[in-house]
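Just below is one structure, and these are the notes that go with it.
The values are calculated or read from the model by the stated rules, or taken from the named source; none is laboratory data. On a predicted model such as this, the values are computed, not experimentally measured, just so you know. With ideal geometry, Cβ positions are generated from the backbone for all residues, glycine too; neighbour counts draw on all protein chains shown.
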Amino acid sequence: MIYDLIIIGGGPGGYHAAERAGHAGLNVLLIEKSSLGGVCLNEGCIPSKSLLYSAKIADNARAGKRFGVVAENVTLDHKTVISRKNRVVKALISGVFMKMKQNNVTVVMGEGMITGRTSDGFFNVKVQDVVYTSRKLLIATGSVSSMPPIPGLDKGYQNGFVLTNREILDIQHVPERLAIIGGGVIGMEMASYFNSAGSKVTVIEMLDHIGGFLDGEISSILYSNYKKKGIDFILSAKVTSIKDGEVTYETGEETKSVQADKVLASIGRKPYVDNLGLETVGVEVHNGRIKTDEFLRTNVPGIYACGDVNGIMMLAHTACREAEVCINHILGKQDKMRYHAIPSVIYTSPEVAFVGDTAESAAEKGLEVETVKLPLAYCGRYVAENVGGDGIVKIITDKREGVVLGVHMIGSYASEIIYGAAIMVENRMRVEDVRQIVFPHPTVCEVIKEAMFEFRDCYSG
């Protein structure tokens, strides 16, 4: 049998592409070496949110007295949290299998390797001892944790002292002292959970701020909130060695160490391009990632790549949108990938969400910008649900035309509000357009409309 499409990798990009292609009537084979859902469903997005929700309930119970709710001796049962997480993941994996069945997608479990072309120019992919053939090929193999050459890191990983996102989401006991290398998304979310679970958390970050590419002010607010929770930070630090019970780092000319029972290495991720047989068909790999164009095509006609493996924007929802573009291109539909309005969220407490430009990135593009910042306390619901909350929203516009370029938030419901801001950025909505939208009351999202009235009324152009 010759399939219309073989997809290597069953993560968000892969299974989303399979679902769309199958629904359109294509004969699809999906190959997954481990578990459907990929890192997101099994070792990332979903399990971490399950843990964080348990932590949120515990934190709210502990703070309940301020709201008239008294709960004594609140504890977080970590083993129960992990068990619930596993049930959530299992249920969602079953849901993915059901979607594949509903769309007539053939699923093969095993490691897929491209072995070349047929005499007709089709693509061969081998799984164990079986060779499958297709007209088109989509590579969606995702990414793996980066493990930099820090002395003692590999040994620590082998003996269980050092963990990645995979292992820490299955850890059965809360470590008394947890050192986290890296203050990005994974590091911040796990710091939040394990702090709530009772760990003494220390975050070691190479930059002088947390949150990576976050707006500077929002990063500072998050930092302040975490400090109040008792999380320690060591910024502008380079980890130089790891050994059981200790992480050594340098700050300037000083060398210091922090004691730990476990270490989380959250130093980033890299595209998974090894052992795929890419060289057999000539797929170009540049700086460790598969190069793709706006249609997610590789340099080889008929071969596409979506998700983390192309290294453009390592987010599950980016992979899903890229998958749609891939399938639409295969089907001959007009579509192309745009990255300027893809929202990002950090599920910390408080939540952080952003989309589009910061004032600095817009200025680097030569744009003259205007920025408005409002506290979320402008919203009645935020005041009703928070005591002394310091959440804000920042909106960046093109000063000449009044087009919304970026929205950045920290505070309650930011993860749920940001999609509306993404619509504004994607559609180049003007300040005046947003002013005319009716926002429900009382909601936290009202702050976006309020902010629009802080901009000047007239724009040239």
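For this structure, a couple of remarks:
- Residues that are among the polar types (S, T, N, Q), in a helix (DSSP H, G or I) and either on the phi < 0 side of the Ramachandran plot or in contact with a Pro (Cβ under 7 Å, 6 or more places away or on another chain) (or both) occur at least once in segment 180-195.
- Some residue of segment 206-213 being at negative phi, in the same structural domain as D261 (by TED's automatic domain parsing) and crowded, with 23+ Cβ neighbours inside 10 Å: yes
- Hits in segment 85-130 - residues which are charged (D, E, K, R), outside any loop (DSSP other than H, G, I, E, B) and over 25 Å from the mean Cα position of the chain (by Cα): K101, R117, K126
- One residue alone among E72, E19 is of a type in the set (D, E, K, R), buried (at least 19 other Cβ atoms within 10 Å of the Cβ), on the phi < 0 side of the Ramachandran plot and out of contact with any Gly (no Cβ under 9 Å at 6 or more places or on another chain), and that residue is E19.
- The residues in segment 127-177 that are surrounded by fewer than 17 Cβ atoms within 10 Å (Cβ to Cβ) and not β-branched (V, I, T) can be counted, and the count is 19.
- Selection from segment 269-296 of residues that are over 16 Å from G142 (Cα atoms) and under 23 Å from the mean Cα position of the chain (by Cα): D293, E294, F295
- Qualifying residue in segment 148-156 (condition: at pLDDT below 95 and either in contact with a Pro (Cβ under 8 Å, 6 or more places away or on another chain) or closer than 30 Å to T298 by Cα (or both)): yes
- Residue count for segment 386-413, restricted to those that are in contact with a helix residue (DSSP H, G or I) (Cβ under 9 Å, 6 or more places away or on another chain) and either among the aliphatic types (A, V, I, L, M) or over 28 Å from K65 (Cα atoms) (or both): 17
- Options I8, I46: the member that is closer than 21 Å to V127 by Cα and either in contact (Cβ under 8 Å) with a residue 24 or more places away in the chain or surrounded by 15 or more Cβ atoms within 10 Å (Cβ to Cβ) (or both): I8
- Matching residues, segment 228-247, being surrounded by fewer than 17 Cβ atoms within 10 Å (Cβ to Cβ) and either closer than 14 Å to G156 by Cβ or touching a Phe, Trp or Tyr at 6+ places or on another chain (Cβ under 7 Å) (or both): K238, T240, S241, K243, D244, G245, E246
- Cβ-Cβ under 7 Å pairs, at least 6 apart or on other chains, segment 308-325 side of a type in the set (D, E), far side in a helix (DSSP H, G or I): D308/A319; E322/G13; E322/G307; E324/R20
- Counted residues, segment 73-84 - those being in a helix (DSSP H, G or I) and of a type outside the set (D, E, K, R): 5
This table checks each residue for (1) touching a Phe, Trp or Tyr at 6+ places or on another chain (Cβ under 8 Å); (2) crowded, with 18+ Cβ neighbours inside 10 Å; (3) modelled with pLDDT of 95 or more; (4) on the phi < 0 side of the Ramachandran plot.
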{"residue": "M314", "(1), (2), (3), (4)": "no, yes, yes, yes"}
{"residue": "I327", "(1), (2), (3), (4)": "no, yes, yes, yes"}
{"residue": "E351", "(1), (2), (3), (4)": "yes, yes, yes, yes"}
{"residue": "V355", "(1), (2), (3), (4)": "no, yes, yes, yes"}
{"residue": "G388", "(1), (2), (3), (4)": "no, no, no, no"}
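- Against the numbered list (1) in contact (Cβ under 8 Å) with a residue 60 or more places away in the chain; (2) within 22 Å of the chain's Cα centre (by Cα), A451 comes up short only at (2).
- Counting the residues of segment 360-405 that are farther than 26 Å from E189 by Cβ, in contact (Cβ under 8 Å) with a residue 12 or more places away in the chain and outside any strand (DSSP E or B) gives 10.
- The set of residues in segment 298-314 being out of contact with any Cys (no Cβ under 6 Å at 6 or more places or on another chain) and of a type outside the set (A, V, I, L, M) consists of T298, N299, P301, G302, G307, D308, N310, G311.
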